[in-house]
Amino acid sequence: QVRLEESGGGLVQAGGSLSLSCAASGRTFSSAVMGWFRQAPGKERESVAAISASGSTTSYADSVKGRFTISRDNAKNTVYLQMNSLKPEDTAVYYCARARVLYPTIEQVFYNVWGQGTQVTVSS
């Protein structure tokens with residue numbers, strides 16, 4: 001059974017940076033597309049970024065392009081989200097997830113294993 005555990009959330013001022021990690025259990029991590037998603041209070045969960053199994057291809061939501069970078073280390077079974085130039089509207093619970101398809105889509109419907117989330121709060 002695959003399990004995902006996010007870490008690295010916290011409180012940061014606007015303009016600052018934060019790095020999230022997602023550790024995955026299981027032997028098939030290196031063959032899985034992984035993604036990051038977020039849910040702000042009172043809002044629906046939205047896509048953030050996705051990365052192919054090899055790490056060679058990434059996809060981003062328009063709202064984070066140029067500010068966030070998704071990466072992975074298959075030797076460590078970990079996927080990362082580097083967040084720069086943070087804005088108050090980036091405040092949300094951030095989730096990592098594993099896709100059931102082989103291309104790095106940011107469409108949530110294609111993800112079937114989810115972590116518990118980590119809180120990111122950006123103060124103005």
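The values are calculated or read from the model by the stated rules, or taken from the named source; none is laboratory data. Only a predicted model underlies this, so the values are computations on that prediction, with no experimental measurement involved. Every residue, glycine among them, receives a Cβ derived from its backbone with ideal geometry; neighbour counts consider all protein chains shown. To get the accessible areas, we keep the full protein, side chains included, count just its heavy atoms, and leave off ligands, DNA and RNA. Shrake-Rupley method; radii C 1.70, N 1.55, O 1.52, S 1.80 Å.
Restricting VAL64, VAL122, VAL113, VAL79 to those that are β-branched (Val, Ile, Thr) and either without any contact (Cβ under 8 Å) to a residue 40 or more places away in the chain or surrounded by fewer than 14 Cβ atoms within 10 Å (Cβ to Cβ) (or both) reduces the list to VAL64. The single residue among TYR111, TYR80 that is out of contact with any Phe, Trp or Tyr (no Cβ under 8 Å at 6 or more places or on another chain) and at pLDDT 95 or above turns out to be TYR80.
Using the structure shown, decide if ALA14 is on the phi < 0 side of the Ramachandran plot, over 10 Å from the mean Cα position of the chain (by Cα) and in contact (Cβ under 8 Å) with a residue 24 or more places away in the chain. It would help to see each step written out before you state the result.
Values: on the phi < 0 side of the Ramachandran plot: yes; over 10 Å from the mean Cα position of the chain (by Cα): yes; in contact (Cβ under 8 Å) with a residue 24 or more places away in the chain: yes.
It is true that ALA14 is on the phi < 0 side of the Ramachandran plot, over 10 Å from the mean Cα position of the chain (by Cα) and in contact (Cβ under 8 Å) with a residue 24 or more places away in the chain.
For segment 55-77, the set of residues classified as among the basic types (Lys, Arg) and outside any loop (DSSP other than H, G, I, E, B) consists of ARG72 only.
In segment 98-109, is there at least one residue being under 25 Å from SER124 (Cα atoms) and of a type outside the set (A, V, I, L, M, F, W, C)? Scanning segment 98-109 turns up no residue that is under 25 Å from SER124 (Cα atoms) and of a type outside the set (A, V, I, L, M, F, W, C). Any residue that is surrounded by 12 or more Cβ atoms within 10 Å (Cβ to Cβ), basic (Lys, Arg) and either in a loop (DSSP other than H, G, I, E, B) or free of Cβ contacts under 8 Å to residues at least 60 places away in the same chain (or both) - is there at least one of those in segment 82-98? Yes, the conditions are met somewhere in segment 82-98. Restricting segment 4-31 to residues that are modelled with pLDDT under 95 and assigned to a loop (DSSP other than H, G, I, E, B), the residue that is most open to solvent (accessible area, probe 1.4 Å) is ARG27. Here SER25 does not qualify as farther than 21 Å from ALA92 by Cα and without any contact (Cβ under 8 Å) to a residue 40 or more places away in the chain. Within segment 16-44, being over 21 Å from THR69 (Cβ atoms) and β-branched (Val, Ile, Thr) holds for one residue alone: THR28.
Regarding ARG38, is this residue of a type in the set (Lys, Arg), at negative phi and in contact with a Gly (Cβ under 9 Å, 6 or more places away or on another chain)? So ARG38 fits the description; yes. Among the residues of segment 32-54, just one is open to solvent by less than 30 Å² (accessible area, probe 1.4 Å), outside any strand (DSSP E or B) and not hydrophobic (A, V, I, L, M, F, W, C), namely SER52.
When THR69 is tested against (1) within 13 Å of the chain's Cα centre (by Cα); (2) more than 22 Å from GLY16 (Cα to Cα); (3) open to solvent by 30 Å² or more (accessible area, probe 1.4 Å), just one condition goes unmet, and that condition is (2).
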